[in-house]
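I have placed the structure first, in the form of structure tokens, so that the comments after it can refer back to it.
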Amino acid sequence: MSRRDRTLLFLRALIDADGALAEPRVEPVRLSVRTAGSIPPKAVMAAAGYIVVVWTWRTKPGISRTEIEEWELAHAATFDVAENAPQPMQATAGGEIRDAESGAVPVRRKLAYHGTVLARRSVFAPPGRTLQTLWGAWGEGRGWLEAVLSRAPDTITPEWLQPIAQSVVDLRTRLMEGDPEVTVIDPSLPL
Amino acid sequence: MFCPTDRLDRAPGVVLRPMPEWGLAYAYTRARPALTELNATTWLIAMLCDGATLAEIERDFAETVRRVAGGNVARDTLHRGLALLVEAGIVTRTPGATQETAP
């Protein structure tokens, strides 16, 4: 049974359970982007064209937390290359960005990795052992991020992105099953 | 106003993200960009918009909701939902070919 068919069956059961057909509704969502920790303030992120992608994966049966953490360490190391060194952030128009409060120019890698979270249940995934992996990118890094997450590693340029993409492929094939659920947090969305 | 031969599909780049625990789905429209919450009815309609014709969608929608809505109610609800989804940029409409009638 395809994912589409499963979803339609679920919706049929959901609507039947309600006992009535609800009036169609679409409502814009006002996003709240967390700015704590390593993520700079939203206004800075938006001005730089920053984007965060959250992938929620289901681990294969028998995969331990230790194995995930080993992958995480190796994966984080792939980002630590000279070409991806921290640098002052610029707005998408090319101008310098300064923090409104401190006046400082934030320094970021253009492609960043924010870590993983293991959980038995996540609001973004069905019950089960899941792993959330977070990537962030700004400026030209947005295009790199899209390539890393969607293309065959050996086809990606610049070449220093290839080990990063290969690490993601390893995660997908060795530790995870099925396709990940994808959430895109784009701080350019109006709040 | 939609025609039976119109084809309806999710717009390019739209990510439809089911949230089954909450009985709703989120649609991310990269072109705008915006995140939109869909209730179960509009979620169902968006799922059916996979390049099918309006006539096919009407048939599948009526079948799915037949236990809670009659044919006319289902059809009217579907059309209101489609209008909302098209306006939000989640679904695109491709006008169907008009049939020539012989003189």
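The values are calculated or read from the model by the stated rules, or taken from the named source; none is laboratory data. Note that the structure is a prediction, hence the values are computed from the model and not measured. Don't worry about glycine lacking a Cβ; one is built from the backbone with ideal geometry, like all the others, and counts go over all protein chains shown. Accessible surface is based on the protein model in full, side chains and every heavy atom, while ligands, DNA and RNA are left aside. Shrake-Rupley method; radii C 1.70, N 1.55, O 1.52, S 1.80 Å.
Quick look at the values:
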read-out	value
Charge sum, other residues only, whose C-beta stays under 13 Å from residue B:67's C-beta, Lys/Arg counted +1 and Asp/Glu -1	-1
The protein assembly as shown shape via C-alpha gyration tensor axes, a/c threshold 1.5	prolate
Cα-based equivalent ellipsoid of the stretch B:10-91: semi-axis lengths in Å, sorted from largest, via gyration tensor	22, 14, 10
Around residue B:49: net Lys/Arg minus Asp/Glu count, Cβ-Cβ under 13 Å	-2
Accessible area buried, both sides summed, chains A and B with 1.4 Å probe, Å²	3200 Å²
Carbon/sulfur fraction of accessible area - the stretch B:1-98, other protein chains in place, 1.4 Å, %	53 percent
FRET efficiency estimate (nearest 0.05) - Cβ-Cβ, residue A:152 to residue A:64, R0 30 angstrom	0.55
Length gained when the stretch residue A:92-residue A:104 is fully extended (0.36 nm per residue, less Cα-Cα span)	2.5 nm
Helical mean residue ellipticity (222 nm; -39500 (n - 2.57) per DSSP H run of 4+; nearest 500) of chain B	-11000 deg cm²/dmol
